[in-house]
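Take a look at the structure set out below.
The values are calculated or read from the model by the stated rules, or taken from the named source; none is laboratory data. Values in this document were obtained by computation on a predicted structure and should not be read as measured data. All accessible areas refer to the heavy atoms of the entire protein, side chains included, with ligands and DNA or RNA removed. Shrake-Rupley method; radii C 1.70, N 1.55, O 1.52, S 1.80 Å.
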Amino acid sequence: MSIRQVGGVDLWVEQGGTSNGPTLLLMHGLSGTGGVWSGLRPLLEKYWPGSWVIPDLRGHGRSAHSENYGIACHATDMAELVRGSDELYLAGHSMGGLVGILMASGWFGVAPKAVVTAGVKLNWTEKEYLGLKKLIEMPVRWFKTEKEARERFVLVTGLRGVIDPASEFARTGIRQEKGKWRLAADNRTAMVAYADAPDIYNAARSPITLAAGEFDQMVSAAALKVLNPLAEEIPGLGHNLHVENPSAFWKLISKTAGIN
């Protein structure tokens with residue numbers, strides 16, 4: 001683990017694997033942290049033939065807050081982390097997947113071989129935008145106990161009943177300040193939702209894998225098929241399919257990268 005300053009922002013970054021072979025960058029979703037990939041780590045360590053990079057995106061988890069959270073800011077940060085990689089693959093959940101798709105445009109100085117995504121939301125309703133505006137403007141909510149903050153983090157990431165609030169992952173999503181606790185994510189990171197996902201997808205110059213869980217309440221495989229008829233529905237899983245069943249998400253990565 002290390003703290004790297006990228007674009008003037010301190011980012012928490014974990015790296016592993018071997019320097020010989022392809023690089024895999026994994027990007028979490030809105031309000032999450034790199035800890036969301038903990039279930040996938042054993043598979044990476046056993047099967048990925050190169051190096052892997054897992055950051056907390058700016059404004060999330062153990063990374064610093066910033067004034068700017070537009071989708072291009074995240075893409076610029078992530079491109080800087082992996083610049084110089086000869087063979088690059090990207091994988092992301094929800095917001096992280098959209099960041100990966102934007103990076104595939106070639107506008108950020110990297111040319112990924114392919115991008116694997118799950119649960120990328122394509123469109124927002126007017127009601128949802130009003131909710132996002134309220135969230136962005138909302139003051140920090142403080143909790144008297146760490147337990148309360150952990151439980152809230154698990155709830156807002158859609159992982160209640162999937163992740164134990166007492167887990168190390170839940171700890172990565174909260175901060176203690178002056179004897180009180182808060183969620184680590186800056187509420188203003190929600191502004192990333194104003195990006196136009198279909199336009200971003202159409203700008204991609206690398207192969208994109210789109211997938212959604214059968215019970216994903218944010219986006220359906222049917223909606224993704226409008227962009228790509230080959231979009232996959234993963235049976236029995238929801239929006240956080242990479243956490244619910246890491247092996248299912250690994251299969252998407254391994255198939256895309258041609259790993260047996």
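Taking amide H atoms as placed 1.01 Å from N in the peptide plane, the amide H of Thr209 lies under 5 Å from those of Val115, Val116, Thr117, each 5 or more residues away in sequence or on another chain. For the range 47-62 versus the range 134-191, the inter-centroid distance based on Cα atoms is 20 Å.
Surface listing: Arg171, Arg41, Arg83 arranged by accessible area from highest to lowest gives Arg83, Arg171, Arg41, probe 1.4 Å. Full extension of the chain between Arg160 and Glu45 gives 38.7 nm of extra length, using 0.36 nm per residue less the Cα-Cα distance. Only Cα pairs under 8 Å and 6+ residues apart enter the sum, and on that basis the relative contact order of the range 1-111 stands at 33 percent.
Which residue, Glu232, Glu128, Glu87, has the most motion in a Gaussian network model of the chain that connects Cα atoms within less than 10 Å? In the Gaussian network model the winner is Glu128.
For the range 7-124, pairs of C-alpha atoms spaced more than 20 angstrom apart make up 36 percent of the total. Structural descriptor for the range 38-101: relative contact order 18 percent, calculated from alpha carbon pairs under 8 angstrom and at least 6 residues apart.
Among Glu233, Glu14, the order of accessible area from largest down is Glu233, Glu14, computed with a 1.4 Å probe on protein heavy atoms.
For the set Met138, Met95, solvent exposure ranked by accessible area (probe 1.4 Å, protein chains only) runs largest to smallest as Met138, Met95.
Considering only alpha-carbon pairs that sit under 8 angstrom and 6 or more positions apart, the relative contact order computed for the chain is 21 percent.
For a straight C-alpha distance cut-off of 29 angstrom, the lysines reachable from Lys121 (same-chain residues fewer than eight places away being disregarded) are Lys113, Lys133, Lys134, Lys225, Lys251, Lys255.
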